[in-house]
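This report refers to the structure that appears directly beneath it.
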Amino acid sequence: MNNWISKIPEQIKLLAVVVTVIITAFLIVRPMLIPAGFGEQGHFRSGALNDAVAVQFKYAGKASCVECHDDMTDMLAGGYHKKLSCEVCHGPLAGHIDDPDENTPSFPRERTLCPVCHEYLSSRPTGFPQIVSQSHNSLKACISCHEPHDPVPPDVPSQCSACHGEISRSKAVSHHVDIECEFCHTTPELHKTSPRQYRPSKPQNREFCGQCHTKNSKHNTKAPRIDLATHETRYDCWQCHYPHLPEAR
Ligand code: HEC
Ligand code: HEC
Ligand code: HEC
Ligand code: HEC
Ligand code: HEC
Ligand code: HEC
Ligand code: HEC
Ligand code: HEC
C-alpha cells in the first residue's frame, strides 16, 4: 500500500514540502499585500483617484507667467532661449502663482546654472553653443555679460586695450601716448575676432621711427631728434627703446 510513496525519490518529497509551504505562505500573506479598495471599481485601487486629484502641482508652466510678466515672456520668445521653460531656471513656481508675494522665486545668479546646458560635452550636438566654464571668463557671473532671457554672445571687444591691456596701459603713461596703435600697426578688422589668423603689421625698419625722430623730419611733433645716419646704426630702434614706453635714459 505504502509502496508507491516509498518509491518516490527523497528529493521530490522535499521539493513537494517546500512548494506547499510557499503556496500556503503566499495565500496567507496575499490579503495583507492587496491595498484596500482594490477591485471595488475595477482592476485598480479605488482610492487612487482621490490621491491623484489631491497631488499639489509644483510647476505652473510658461503660459501662466504671461499674465503678470509679459515683458519677460516676450523677451524670452524672441531669443535663443525661446524653447526653455521659465521654471527650468527659476524652479517650480505653482505656489508663486497662487500667492506671488508670499512665494518668491529663486534667482539663479551663480555660475553653476548655465553650464548645466552649456558646458562642453563631446556628446552634445555639433553647433550647440558650448563653453569650457573654467576658462570662459571664469571670475564673473555669466549674467554679467549675457542677459539670461535673451542671450547673445556680447559684442566682441573692439578696443585694442580689451586684449592688450598691459601694452595700452604702458603707452598711456609714455612719451608715445598720443600715437594711435594703428599708426604703427596696420590692423585688419578680422584681427579682433581671429587674432592669431589675421595679424597686424609691425614697423619693419629704422626709417619708420625716423619719420618723427630724424634730424630733418617734417613731422610737426616735439619728438626729440637724432641723426639716423649715426645713432646706433647696427640695430633696430626697438632693440634698445621699447616702442610702447620709450625711454632715452
Ligand atoms: C498673478 C501674477 C503673477 C504670475 C502669474 C506670476 N508672477 Fe512672478 N511675480 C509676481 C509679482 C507680484 C512679483 C513681485 C513679488 C515681490 O516683489 O515680492 C513676482 C516676482 C517674480 C520674480 C522675482 C522678481 C523680483 O524682482 O523679485 C520672478 C523671477 C518671477 N516672478 C517669475 C515668475 C514666473 C517664471 C512665473 C510663471 C511660472 C510667474 N512669475 C508668474 C506676479 C506673478
Ligand atoms: C536661462 C535661465 C532663465 C530662464 C529660462 C528664465 N529666467 Fe528669469 N531670470 C534668470 C536670472 C539668472 C535672473 C536674474 C537676473 C539678474 O539678476 O540680473 C532672472 C530674473 C527674472 C526676473 C526679475 C527681473 C528683474 O529685472 O527684476 C523675472 C520677473 C523673471 N526672471 C521672469 C522670468 C520669466 C517669466 C521667464 C519665462 C518667460 C524667465 N524668467 C525665464 C534666469 C532665467
Ligand atoms: C535648459 C538648458 C539651458 C540653460 C539652463 C541655459 N541655456 Fe543658454 N541656450 C540653450 C539653448 C537650447 C540655446 C539655443 C541653442 C541653439 O539655438 O542652437 C541656448 C543659447 C544660448 C546662447 C546663444 C549662443 C549662440 O552663439 O548661439 C547663449 C550666449 C546662452 N545660451 C547663454 C546662457 C546663459 C548665460 C545661461 C544661464 C543664465 C544659459 N544660457 C542657460 C539652453 C540653455
Ligand atoms: C566677461 C564677460 C563674459 C562672461 C562672464 C561670460 N561670457 Fe560667455 N561670452 C562672452 C563673449 C565676449 C562671447 C563671444 C566670444 C567668445 O566666444 O568668446 C561669449 C560667448 C558665449 C557663448 C557662445 C559660444 C558659442 O560658441 O557660440 C556661450 C554659450 C556663453 N558665452 C556662455 C557663458 C556661460 C555659461 C557663462 C558663465 C559660466 C559665461 N558665458 C560667462 C562673454 C562672457
Ligand atoms: C580680441 C582680442 C584682440 C583685440 C581686440 C586686438 N588684439 Fe592684437 N592680438 C591678440 C592676440 C591674442 C594676439 C597674439 C597672437 C599670438 O601671440 O600668437 C595679438 C597680437 C597682436 C600683435 C602682434 C602680432 C605679431 O605678429 O606679433 C599686434 C601688433 C597687435 N595684436 C596689435 C593690435 C592692435 C593695434 C589692436 C587694436 C586695433 C589689436 N591688436 C586688437 C588679440 C587682440
Ligand atoms: C610708435 C609705434 C608703436 C605704437 C604707437 C604701438 N606699437 Fe606695438 N609695437 C611697435 C613695434 C616697433 C613693435 C615690435 C617690437 C619688437 O619686435 O620687439 C611692436 C610690437 C607690438 C606687439 C607684439 C608683442 C610685443 O609686446 O612686442 C603688440 C601686441 C603690440 N605692439 C601692440 C600694440 C598696441 C595694442 C598698441 C596701442 C596700445 C601699440 N602696439 C602701439 C610699435 C608701436
Ligand atoms: C608719429 C611720430 C613718432 C613716431 C613714428 C615715433 N615716435 Fe618716438 N616720440 C615721438 C614724440 C612726439 C616723442 C616725445 C613726446 C614728449 O616728449 O612728450 C617721442 C619720444 C621718443 C623717445 C624719447 C623718450 C625720452 O625719454 O625722451 C624715444 C626713445 C622714442 N620716441 C623712440 C621711438 C621709437 C623707437 C620709434 C619707432 C618704433 C618711435 N619713437 C616712433 C613721436 C614719434
Ligand atoms: C643700441 C641701442 C640703441 C639703438 C639701436 C637706438 N637707440 Fe636711441 N638711444 C639709445 C641711447 C643709449 C640713448 C640715450 C643716450 C643718447 O642720447 O645717445 C638714445 C636716445 C634716443 C633718443 C632721445 C634723444 C634726445 O635727444 O633725447 C631718441 C629720440 C632715440 N634714441 C631714438 C631712436 C631711434 C628712432 C632709433 C632707431 C632709428 C634708435 N633710437 C636706436 C640707444 C639706442
Sort L121, L14 by heavy-atom solvent-accessible area, probe 1.4 angstrom, most to least. L14, L121
Helix by helix, which DSSP H runs in the chain go 20 Å or more along their axis at the Cα atoms and have an average Kyte-Doolittle hydropathy of 0.5 or more? 10-33
The chain - accessible surface per residue (Å², probe 1.4 Å): 81
Mind putting together the pair-distance distribution for the stretch 1-98? All Cα pairs, 10 Å bins, whole percent per bin, short to long. 12, 20, 13, 14, 13, 10, 8, 6, 3, 0
Express in Å², to the nearest 10, the accessible area of F26 obtained by rolling a 1.4 Å probe over the protein heavy atoms while all chains stay in place. 120
At a probe size of 1.4 Å, how large is the accessible area of T126, to the nearest 10 Å²? 150
Report the residue, chosen from A172, A16, A52, that carries the largest GNM mean-square fluctuation when the chain is represented by alpha-carbon nodes joined by springs under 10 Å. A16
What list of whole percents do you get for P(r) of the chain, with Cα-Cα distances grouped in 10 Å bins up to the one holding the largest distance? 5, 15, 14, 12, 12, 12, 9, 7, 5, 4, 4, 2, 1, 0
List the relative contact order of the chain as a percent without decimals, with contacts defined as Cα pairs under 8 Å and 6+ residues apart. 11
Through the Karplus equation 6.51 cos²θ - 1.76 cosθ + 1.60, θ set to phi - 60°, convert the phi angles of the stretch 242-248 into ³J(HN,Hα) values in whole Hz; use x for Gly and Pro. 5, x, 8, 7, x, 10, 8
For K62, the aspartates and glutamates lying under 14 Å Cα to Cα, once residues fewer than eight places off in the same chain are dropped, come out as D70, D71, D74, E87
The stretch 100-105 - phi-based ³J(HN,Hα) in whole Hz, Karplus 6.51/-1.76/1.60, Gly and Pro as x: x, 7, 7, 10, 8, x
Would you work out the relative contact order for the stretch 160-239, in percent, from Cα pairs under 8 angstrom that are 6 or more residues apart? 17
Can you list the lysines whose alpha carbon is less than 20 Å from that of K171, not counting same-chain residues fewer than 8 positions off? K192, K202, K222
Cα centroid separation - the stretch 49-127 against the stretch 181-224, whole Å: 53
Please build a GNM for the chain, connecting alpha carbons under 10 Å apart, and tell me which residue among F183, F107, F44 fluctuates the most. F44
With θ set to phi - 60°, apply the Karplus curve 6.51 cos²θ - 1.76 cosθ + 1.60 along the stretch 109-121 and write out the HN-Hα couplings as whole Hz, x wherever there is a Gly or Pro. 8, 6, 6, 7, 5, 5, x, 3, 9, 9, 5, 4, 9
Surface accessible to a 1.4 Å probe, D51 within the full protein complex, Å²: 80
Count neighbours as other Cβ atoms within 10 Å of each site's Cβ, and list the trypsin sites (Lys or Arg not before Pro) in the stretch 64-115 that are DSSP loop with at most 12 such neighbours. K82, K83, R109
Straight distance only, please: which lysines reach the Cα of K58 with their own Cα at less than 26 Å, same-chain residues fewer than 8 apart left out? K82, K83
Please report the relative contact order for the stretch 41-94, taking Cα pairs under 8 Å with a sequence separation of at least 6, and give it as a percent rounded to a whole number. 45
Overall dimensions of the stretch 160-239 as given by Cα atoms, namely Rg and Dmax in Å: 14.6, 42
Could you work out which residue, out of G78, G42, G165, moves most in a Gaussian network model of the chain, that is, has the largest mean-square fluctuation with Cα springs under 10 Å? G42
Just to compare against my own numbers: the Cα pair-distance distribution for the stretch 56-98, 5 Å bins, whole % per bin, please. 5, 23, 33, 26, 9, 3, 0
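The values are calculated or read from the model by the stated rules, or taken from the named source; none is laboratory data. Quick caveat, the model's predicted, so the values are computed rather than measured. Because the Cβ atoms are built from the backbone with ideal geometry, glycine has one as well, and the counts that use them run over all protein chains shown. Accessible surface is based on the protein model in full, side chains and every heavy atom, while ligands, DNA and RNA are left aside. Shrake-Rupley method; radii C 1.70, N 1.55, O 1.52, S 1.80 Å.
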